[in-house]
Amino acid sequence: MWRDLWTTAARAARGPRRLCLRRGSGAPAPSPGATVFALSSGQGRCGVAVIRASGPASGDALRILTAPRALPAARTASLRLLSDPRSGEPLDRALVLWFPGPRSFTGEDCVEFHVHGGPAVVSGVLQALGSVPGLRPAEAGEFTRRAFAHGKLNLTEVEGLADLIHAETEAQRRQALRQLDGELGQLCRSWAGTLTKALAHVEAYIDFGEDDNLEEGVLEQADLEVRELEVALGAHLRDARRGQRLRSGAHVVVTGPPNAGKSSLVNLLSRKPVSIVSPEPGTTRDVLETAVDLAGFPVLLSDTAGLREGAGPVEQEGVRRARERLEQADIIVAMLDASDLASPSSRDFLDTVVATVGARSPREGGQRLVLVLNKSDLLPAEGPRPGPGLPPSLLLSCLTGDGLPGLLEALRKELAAVCGDPSTGSPLLTRERHRHHLKACLDALGHYKQSKDLALAAEALRVARGHLTCLTGGGGTEEVLDIIFRDFCVGK
């Protein structure tokens, strides 16, 4: 009787059992009878343009535009004459592909028209599709949203697809492709499976704790699995936001005393005249930013005003902004004139900026530092005369380019440390949404460990598993889905 009372109380405390979110359960199913179409390749003149349609009327649209021909063999390119269904006028001779659902990108019946890429041809085919009953133009991201709704992609894979479309560097492409391939989703499902097993152990003990046939150490096994999962989650949350930097770009700030060559270096790295270069000190009076690809990594490169005291009010405002930007930097490129290391401005820069940054470990929230000695072309043959305590540095001549390969390699290593290597290791967390759910999952596991009541412990495990499900399943909220899909272009 005691066990019956305990079971009843425990079930009441934890509430009714909730079904686990299924893949794609957060997105609304496409409207019955709605078939959408759009240009899926780039705008403008091109050799070949791809127009896609998805929905139950896709096959009818293909038949109507290629009448009197029947549907081609599935997933096989066929050459067909496309005609306007209203006038019968030929539009183009194109390759068509028929993808009957569910074996298609969206999981629905789909068709692709590979037409010649002239604007008149594309416009004519789109207008012809618009005249077919049951078809309407697609909204931004609607094809991908339908793929999600039909379980073809989970949310992390959808985000990987969006990142792949917007990738501008090699590192971004590699990371996005790993996420599109489902590595992050598989890892989350593995973690969710661990929690499901632990939850089953706890609930089994609640329901059958007094039965003799229950295995020994059920709760101990659940505790062990939760502890191992906590370690794994903590390691991912301590990645210093590398995945987010890889996706949005690391912040590299070039700083130094006036006339050290900062603007010349920014122009050299960006391969375009971003900053004005002049022998007059204090030319740069504001922060100039440009997005560049450095060694395959995305970088927001900032040129700053020369750090010195006693200048006019405009330049001092530039100095204030430069110091403010230094606090936000991931990597600081500190530049000095190699031929003038003993000057008061160089020594003051070494004693304040370089020494301060170098004293803080990147693991403790400090920035990474690369010290560059510019104007090596002005040095005598024996090289620079380093002062006492000069940190490790790189010689460079922005005028001749000598030393640039060594600087690029040093920056590549620092960027790999800041952004992570997308080719190796565990999948990176690329969005704040990922971090939010993993942190909430870890918090719930903390409640599990502190719970003195088994029913509350089981509920904590259920909450933790729900956050992992939200990573791949969307959590059933339209707001989250709208945010994720809003950056897709029409036709994808």
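Please compute the net charge surrounding Ala440, taking Lys and Arg as +1 and Asp and Glu as -1 over other residues with Cβ under 15 Å from its Cβ.
On the way: positive: Arg431, Arg433, Arg435, Lys439, Arg462, Arg465; negative: Glu230, Glu432, Asp443, Glu459.
Computed value for this residue: +2.
Both the radius of gyration and Dmax for the stretch 132-224 are 21.5, 69 Å, in that order, over alpha-carbon atoms.
Take the convex hull of the alpha carbons in the stretch 56-97; its mean projected area over all directions comes to 2.9 nm². For Leu394, the residues 5 or more places off, or on other chains, whose built amide H falls under 5 Å of its own are Leu371, Val372, Leu373. Orientation-averaged projection of the stretch 65-166 equals 7.4 nm² [convex hull of Cα atoms, one quarter of hull surface area].
Averaging Cα coordinates gives a centre for the stretch 415-470 and one for the stretch 112-160; these two points are 35 Å apart. Here r is the Cβ-Cβ distance between Ala440 and His166 and R0 is 22 Å; the resulting FRET efficiency, rounded to 0.05, is 0.20.
Residues whose amide H comes within less than 5 Å of that of Gly117, counting only those at least five positions distant or on another chain, are Cys46, Val48, Ala49 (H built at 1.01 Å from N in the peptide plane).
If you roll a 1.4 Å probe over the heavy atoms of the protein chains, what accessible area per residue do you get for the stretch 103-153, in Å²?
Working: 1920 Å² over 51 residues.
Ligands and nucleic acids excluded, the figure is 38 Å² per residue.
The alpha-carbon of Lys152 sits under 22 angstrom from the alpha-carbons of these lysines, leaving out residues fewer than 8 places away in its chain: Lys492. Computing FRET efficiency as 1/(1 + (r/R0)^6) for Ser87 and Ser248, where r is the C-beta to C-beta distance and R0 is 45 Å, gives about 0.35.
When the accessible area of the stretch 40-188 is computed with all protein chains present and a 1.4 Å probe, what percentage of it is carbon and sulfur? Display every interim value, and only then the final one.
On the way: 3480 of 6460 Å².
Carbon-and-sulfur percentage of accessible area, whole number: 54.
Measuring nothing but how far apart in sequence close Cα pairs (under 8 Å, 6+ apart) lie, relative to its length, the stretch 141-236 scores a relative contact order of 20 percent.
Multiplying the residue separation of Asp351 and Gln43 by 0.36 nm and subtracting their alpha-carbon distance yields 105.4 nm.
The values are calculated or read from the model by the stated rules, or taken from the named source; none is laboratory data. All figures in this text were calculated on a predicted structure; none of them were measured in a lab. Neighbour counts run over all protein chains shown; Cβ positions are idealised from the backbone, glycine included. Calculation scope for accessible area: heavy atoms of the full protein, side chains included, ligands and nucleic acids excluded. Shrake-Rupley method; radii C 1.70, N 1.55, O 1.52, S 1.80 Å.
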